[in-house]
Amino acid sequence: MNDDLVFSGVQPTGNLHLGNYLGAIKNWVDFQTSKKCIFCIVDLHAITSSENRKELSENTKQVAAAYIASGIDPKKSTVFVQSNIEGHSELAWILSCHTPIGWLNRMTQFKDKAGKNKEKAPLGLYSYPVLMAADILLYKSNYVPVGDDQKQHLELCRDIAQSFNRFYDTNFFPLPEPIITGTATRVMSLKDGKKKMSKSDPSDQSRINMTDTADIIQKKIQRARTDSLPFPEDDTELKDRPEVENLINIYLSISGEKKQNIFKEFSGRDFKGFKEALSETVVSRMSKISNEMNKLLSDKDYLNAILLDGFNKAKEISETNMREIKKIIKFYSK
């Protein structure tokens, strides 16, 4: 077992945005230097919502392109599509038999996503934390980069792993640890600092898409909501100013600048100068990624070759582990 294996993934639901990049993909790039990394495109998770089932193949390629354009190196990391590996859904069923319904009833994300239509929500939306556990445990992952909203699901993954290990008197599954890094671990909407930046928000002005042009990015940041107060002098003035805090965190995460330097430069001023600096910083980083994504998407043979290589690597690991899991369970072997 590799004691430094990192696993994570993004759903191919279209409109990858700055939140996906800063909250996840940007940090993954750094892990490649010290850890073995497996980065999955979790298309099985995407179909829990009916609107995400359209153009699934094209969206999958877009996520793959975003990974590579952002700095994920397929020679160092394994990049593949979740549904191509049978072990994900097979292990999800096995683990579901070790997951009490009471544990799933405590998952707050289902309540948030299902809303008032809970009775009409698909079973997959309710049980997808078990599939997430299978994704992680199939590769015996040790670390999982997660946002604040996914910590509860990783805790469930650890509980499920312990439940399986106890029942079969084994230590087969490690207990994965969360990695929460960076200033902008949870990037918020440009229109409402209390809501997470989301692909599903009906307003395109609420997010910066990874494929947005420089002109569009500048306009979105200029229109981003702040408030009538001047730029804060320190952290204490960020209380009850979520939109301002969000923009500052985005700037810090991309620029690498120290927070005290930003306060020193902009405190007491209106937001025009800061937004101009933020626009320049975001455009400098994201336009390079957008251009590279477009190149990759136009070279489908190259992108397909990367995903095929990743599939072969993931297949070898997953099939080895599934054989061991079936021996532990004592399934009949033909």
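The values are calculated or read from the model by the stated rules, or taken from the named source; none is laboratory data. These numbers were taken from a predicted model, which means no experiment stands behind them. All Cβ positions, even for glycine, are placed from backbone atoms using ideal geometry, and neighbour counts span all protein chains on display.
What to note about this one:
- Output for the range 1-55, where each listed residue is small (Gly, Ala, Ser) and part of a loop (DSSP other than H, G, I, E, B): Gly14, Ser34, Ser49
- Helices (runs of 4 or more DSSP H) contained entirely in the range 224-334, each with at least 1 residues that are surrounded by fewer than 16 Cβ atoms within 10 Å (Cβ to Cβ) and touching a residue at least 24 places away in the same chain (Cβ under 8 Å): 259-266, 272-298, 300-329
- Of all residues making up the range 14-58, the number that are surrounded by fewer than 22 Cβ atoms within 10 Å (Cβ to Cβ), among the polar types (S, T, N, Q) and either under 19 Å from Val81 (Cβ atoms) or at pLDDT 95 or above (or both): 5
- Selection within the range 158-184 - part of a loop (DSSP other than H, G, I, E, B), touching a strand residue (DSSP E or B) at 6+ places or on another chain (Cβ under 9 Å) and at pLDDT below 95: Ile180, Thr181
- Residue check: Tyr67 meets all listed conditions (1) out of contact with any Asp or Glu (no Cβ under 9 Å at 6 or more places or on another chain); (2) modelled with pLDDT of 95 or more; (3) surrounded by fewer than 16 Cβ atoms within 10 Å (Cβ to Cβ) but one, namely (3).
- Selection count where residues are farther than 14 Å from Asp135 by Cα and either crowded, with 17+ Cβ neighbours inside 10 Å or in contact (Cβ under 8 Å) with a residue 24 or more places away in the chain (or both), scope the range 159-178: 10
- Annotation: Lys195 fulfils all but one of (1) closer than 23 Å to Glu51 by Cβ; (2) surrounded by 15 or more Cβ atoms within 10 Å (Cβ to Cβ); the unmet one is (2).
- Considering (1) at pLDDT below 95; (2) more than 30 Å from Asp169 (Cβ to Cβ); (3) of a type outside the set (Gly, Ala, Ser), the lone condition that Tyr332 does not fulfil carries the number (2).
- Criterion (within 18 Å of Thr60 (Cβ to Cβ), in contact with a Pro (Cβ under 8 Å, 6 or more places away or on another chain) and not polar (S, T, N, Q)) met by exactly one of Gly310, Gly268: Gly310
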